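For reference, the structure discussed in these notes is given below.
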Amino acid sequence: MPPTARQVPDTSFAEEEAVLLTSELIRIDTTNTGDPDTLVGERAAAEYVAEKLAEVGYETTYVESGAPGRGNVVARLAGSDPSRGALLVHGHLDVVPADASEWSVHPFSGAVQDGYVWGRGAVDMKDMVGMTLALARRLKRDNIVPKRDIIFAFLADEEAGGHFGAQWLVENRPELFEGATEAISEVGGFSITVKDGVRAYLIETAEKGIAWMTLRARGRAGHGSMVHDDNAVTKLTKAVNRLGTHQFPIVLTDSVRDFLHGISDITGLAVDEDDLEGTVAKLGNIARMIGATLRDTANPTMLKAGYKANVIPSIAEATVDCRVLPGRQEAFERELDEILGPDIEREWTGLPAVETTFDGALVDHMTSSILAEDPGAKALPYMLSGGTDAKSFAQLGIRCFGYAPLQLPADLDFSALFHGVDERVPVDALKFGTRVLDRFLRNC
């Protein structure tokens, strides 16, 4: 007789396998620069995942999403109740670049030492991919039937906006996600230690919108030695300076309000809605991440102009990374008009903000799965200042959460590890997360 979702075989093998798979995935360099000519590794990683799934009996779908080598793998595990909506568990295989000269260990070594798995992608997000893959294998290998269908998706190109990954699949292969009503993925479910050793686990219920914007100024070309009153570079840099030093208004969204009041209930920290920045500043390492969800941001990141020292160019361009709160897109654009003025052209690509409520049966299962491993903990909603592939899947009407559970040391500055030097994940945190996700996937 096959095990049911409530019969709980030992997870120790899956825990060890999650550590091994995470390490092996890190060793596959899947650097995504955003430049198609310099991309590496996504196909190799997708083929690795497909092979691991096929070993235990999954039928997998391999899709190259819009360009050669942009590999994605999707597999479905049937649940006991086909009338229920499916759960999508998605993770991306690509990582941002890393300069090996800055690291204590090689960023693509996948080294397991000093209680950590080290390397680019350790927390963003080959840790979650490793746990997901280990548990997908366990469920199939042990013939465990979950309560609902689970769709496992391993994706390309998240680090460059998902245009050749989740977004392409949503637009071109939506049938792969047929029946999915809810989803979990990265940057949620991790712990922060808030008071007297009490841990709060932050479950992502919202994300700011992404808008990667190009600003363009035009002027009259000329000789660099001449007096010149129509200089594109001057126009652009003045506008970039105005935008880069501008502070957008503080807006208290439902997700951030619920987080702050949840922290207040645990710690007694007074939430002063007239001084939200002052309140957030008292939160320790997490303050940087939460502080970025109080207002829209527009950070200039790149400049491009000219081709010779003595030639005044006719065009100058700047790239700006904009992150916009839920419900703020129209107001944000009006503010840009005022800041930039009529002479600055702008165009952008991006994806909208997403937000859901912190309630319902899925949230109850997330919370209970954590508390079963950490009984004194609390689960709180929060907003992610960055973005994930949830933005794409939300377009299919899927309710999306960040839930990649990790129990972290109190002194670990977790948010600094994302895209940072010496990125690493604690081995014990991976094993904890595997146990939590195992319970969650079997019973949700």
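The values are calculated or read from the model by the stated rules, or taken from the named source; none is laboratory data. In this text, all values refer to a predicted model and were calculated from it rather than measured experimentally. Note that we place each Cβ from the backbone using ideal geometry, even for glycine, and neighbour counts take in every protein chain shown.
Observations on the model:
- Checked against (1) more than 30 Å from D81 (Cα to Cα); (2) crowded, with 23+ Cβ neighbours inside 10 Å; (3) basic (K, R), R334 passes all but condition (2).
- Scan of region 238-264 for residues that are outside any loop (DSSP other than H, G, I, E, B), hydroxyl-bearing (S, T, Y) and without any contact (Cβ under 8 Å) to a residue 24 or more places away in the chain, ordered by number: S264
- Options A98, A153, A160; residue that is assigned by TED's automatic domain parsing to the domain that holds V73, modelled with pLDDT of 95 or more and under 24 Å from A390 (Cα atoms): A153
- Flag if E159 is free of Cβ contacts under 8 Å to residues at least 24 places away in the same chain and in a helix (DSSP H, G or I): no
- Members of region 335-365 that are under 28 Å from the mean Cα position of the chain (by Cα) and either free of Cβ contacts under 8 Å to residues at least 40 places away in the same chain or part of a helix (DSSP H, G or I) (or both): E335, L336, D359, G360, A361, L362, V363, D364, H365
- Selected residue (only one of T293, T319, T349 is touching a Lys or Arg at 6+ places or on another chain (Cβ under 7 Å) and not charged (D, E, K, R)): T293
- One residue alone among R216, R257, R220, R242 is basic (K, R) and under 23 Å from the mean Cα position of the chain (by Cα), and that residue is R257.
- Residue pairs whose Cβ atoms lie under 6 Å apart, sitting 6 or more positions apart in sequence or on different chains, and linking a residue in region 74-92 that is modelled with pLDDT of 95 or more to a partner that is part of a strand (DSSP E or B) and acidic (D, E), are L87/E182.
- Here region 162-176 is the region considered, the condition is being part of a helix (DSSP H, G or I) and crowded, with 24+ Cβ neighbours inside 10 Å, and the residue that is farthest from the chain's Cα centre (by Cα) is L169.
- The residues of region 322-331 that are in contact (Cβ under 8 Å) with a residue 60 or more places away in the chain and either more than 16 Å from P300 (Cα to Cα) or surrounded by fewer than 16 Cβ atoms within 10 Å (Cβ to Cβ) (or both), listed by number, are L325, P326, G327, R328, Q329.
- Of the residues making up region 286-320, those that are crowded, with 16+ Cβ neighbours inside 10 Å, part of a strand (DSSP E or B) and not polar (S, T, N, Q) are A298, P300, A305, I312, I315, A316, E317, A318, V320.
- Within region 18-40, the set of residues being surrounded by fewer than 21 Cβ atoms within 10 Å (Cβ to Cβ) and either at pLDDT below 95 or acidic (D, E) (or both) comprises E24, D29, T33, G34, D35, P36, D37, T38, V40.
- Annotation: A54 fulfils all but one of (1) in contact with a Ser or Thr (Cβ under 7 Å, 6 or more places away or on another chain); (2) surrounded by 14 or more Cβ atoms within 10 Å (Cβ to Cβ); (3) farther than 17 Å from G179 by Cβ; the unmet one is (2).
- Sole exception among (1) more than 16 Å from I398 (Cα to Cα); (2) surrounded by 19 or more Cβ atoms within 10 Å (Cβ to Cβ); (3) touching a Phe, Trp or Tyr at 6+ places or on another chain (Cβ under 8 Å) for T214, by number: (2)
- Residue match in region 196-211 (condition: part of a strand (DSSP E or B), more than 23 Å from the chain's Cα centre (by Cα) and within 26 Å of P381 (Cβ to Cβ)): yes
- Residues within region 185-195 that are assigned to a strand (DSSP E or B) and in contact with a His (Cβ under 8 Å, 6 or more places away or on another chain), tallied: 1
- Considering (1) under 20 Å from V421 (Cβ atoms); (2) at pLDDT 95 or above; (3) in a loop (DSSP other than H, G, I, E, B), the lone condition that G57 does not fulfil carries the number (1).
- Residue in region 206-222 that is farther than 30 Å from I151 by Cα, without any contact (Cβ under 8 Å) to a residue 12 or more places away in the chain and not assigned by TED's automatic domain parsing to the domain that holds C400 present: no
- Some residue of region 114-128 being touching a Ser or Thr at 6+ places or on another chain (Cβ under 6 Å), part of a helix (DSSP H, G or I) and under 18 Å from T31 (Cα atoms): yes
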